[in-house]
Amino acid sequence: MTGGLLLLAGLVLGAPDAGVAEAADAALRAADAAAPAGPPPPKGPPPVARMTCAPNPVRIAEPLVCTIEVVHRPDVTLAVNAPAGAEPEKGAPPVEAPGGQLKSTRRFTLRPMALRDVKVEGVQVVWTEATGGQATLPIPPQRVPVKSVLAGETDPKFRTFREPQVDAEAFFAAHGPLPYYKTHWPALIGTLVALGVALGIGVGVLVKRWLDARKPAPEVWFDPRPAHVIALEALDRLERENLPAEGQVKAYYVRLSEIVRAYLERRYRFPALEMTSDEIRARIDALTLGGDARVGIDDFLGETDLVKFADFDPGDAATDTVMKLARGLVALTRVPDVEETPETPPAPEAAS
């Protein structure tokens with residue numbers, strides 16, 4: 001294009017007045033011929049596109065699936081530009097639509113990791129005709145609100161298999177159907193074989209314990225009280241300190257998580273303080289616990305991990321809610337008290 005302008009200037013300066021217009025037209029035609037040609041504009045009507053995103057609103061860290069449906073002519077091919085950070089899915093073949101047209105569907109997934117609205121923008125549908133005509137169809141942006149795991153819950157209750165709360169289908173999809181227990185004969189036989197092997201090496205274990213018993217062991221104090229009594233006392237002490245009011249929300253959640261993990265360690269005899277949340281979930285699933293206890297422990301670990309590792313600010317209502325979750329978890333899994341049987345009064349003597 002620059003060479004064409006220089007040629008035009010030279011012709012204008014060196015040509016007589018009668019040939020100035022003709023020289024200028026020739027230079028412009030030469031410059032247009034040298035410029036790269038883009039795709040021609042389409043001749044037919046544009047397609048019709050619609051985008052929907054669900055669920056709306058979406059919980060934090062849960063997938064937000066956006067679906068784009070485009071109705072177009074059979075001689076048109078499509079390409080959809082997903083926004084930054086989206087995970088596009090493989091497109092399905094188009095299906096027939098009314099009026100001799102086709103309907104193509106494209107999907108992509110976004111995963112919000114902060115409590116602010118997700119703005120789905122920058123989505124474009126590039127459509128190309130069989131003749132080479134091409135154009136871009138922009139999709140209007142959408143804003144999807146993000147809510148917390150315990151948003152709007154002032155008095156949270158444990159979700160159970162009998163009362164899964166409002167979203168029953170999602171609850172059963174995440175936790176499976178009602179637990180059904182039956183005798184697993186291969187596991188039982190394998191356990192008996194393992195016990196037989198253990199008896200074979202029992203003599204060595206007894207000898208080792210006898211030798212260890214002869215060594216003086218340092219005295220270690222152990223709290224003989226039940227695990228739930230120790231945990232509830234620690235929860236009362238933490239609640240009296242009122243750390244959230246002093247701006248120490250993260251320290252409050254860390255202390256609360258340590259108290260519940262220490263309770264699980266004393267209650268079920270596994271090193272919960274040294275394990276990750278996923279390892280604790282795997283150990284709890286291996287125990288013979290009811291569905292209510294497993295769901296309660298899973299919800300508590302997920303809520304505290306958001307604050308401990310994701311720098312999430314839960315707010316005053318959520319700090320009260322997570323304390324209620326911890327107390328409810330301890331009350332649900334504690335060892336039941338042994339009821340004493342009242343003595344039977346002596347029978348009255350028969351009158352003589």
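Points worth noting:
- The set of residues in segment 245-266 being crowded, with 18+ Cβ neighbours inside 10 Å and either of a type in the set (Gly, Ala, Ser) or touching a Lys or Arg at 6+ places or on another chain (Cβ under 8 Å) (or both) consists of Tyr253, Ser257.
- Any hit, segment 86-95, residues being touching a residue at least 24 places away in the same chain (Cβ under 8 Å) and in a loop (DSSP other than H, G, I, E, B): yes
- Test result for Thr183, at pLDDT 75 or above and part of a loop (DSSP other than H, G, I, E, B): yes
- Scoring Leu64 on the criteria (1) modelled with pLDDT of 85 or more; (2) more than 21 Å from Pro141 (Cβ to Cβ); (3) of a type outside the set (Gly, Ala, Ser) leaves a single failure, condition (2).
- Number of positions in segment 256-282 that are in a helix (DSSP H, G or I), under 22 Å from Phe222 (Cβ atoms), out of contact with any Ser or Thr (no Cβ under 8 Å at 6 or more places or on another chain) and charged (D, E, K, R): 5
- The set of residues in segment 130-147 that are farther than 21 Å from Ala86 by Cα and in contact with an Asp or Glu (Cβ under 6 Å, 6 or more places away or on another chain) contains only Ala130.
- Selected residue (criterion: nearest to the chain's Cα centre (by Cα)) from residues of segment 192-242 that are among the acidic types (Asp, Glu) and at pLDDT 85 or above: Glu239
- Conditions (1) assigned to a helix (DSSP H, G or I); (2) without any contact (Cβ under 8 Å) to a residue 60 or more places away in the chain; number of the one not met by Pro216: (1)
- Residues that are under 21 Å from the mean Cα position of the chain (by Cα), aliphatic (A, V, I, L, M) and under 19 Å from Thr52 (Cα atoms), drawn from segment 83-119: Ala84, Ala86, Leu110, Val118
- Sole exception among (1) out of contact with any Leu (no Cβ under 7 Å at 6 or more places or on another chain); (2) under 30 Å from Phe309 (Cβ atoms) for Gly204, by number: (2)
The values are calculated or read from the model by the stated rules, or taken from the named source; none is laboratory data. Nothing here was measured: the structure is a model prediction, and the numbers come from that model. Please note: Cβ atoms are built from the backbone with ideal geometry, for glycine as well, and neighbour counts cover all protein chains shown.
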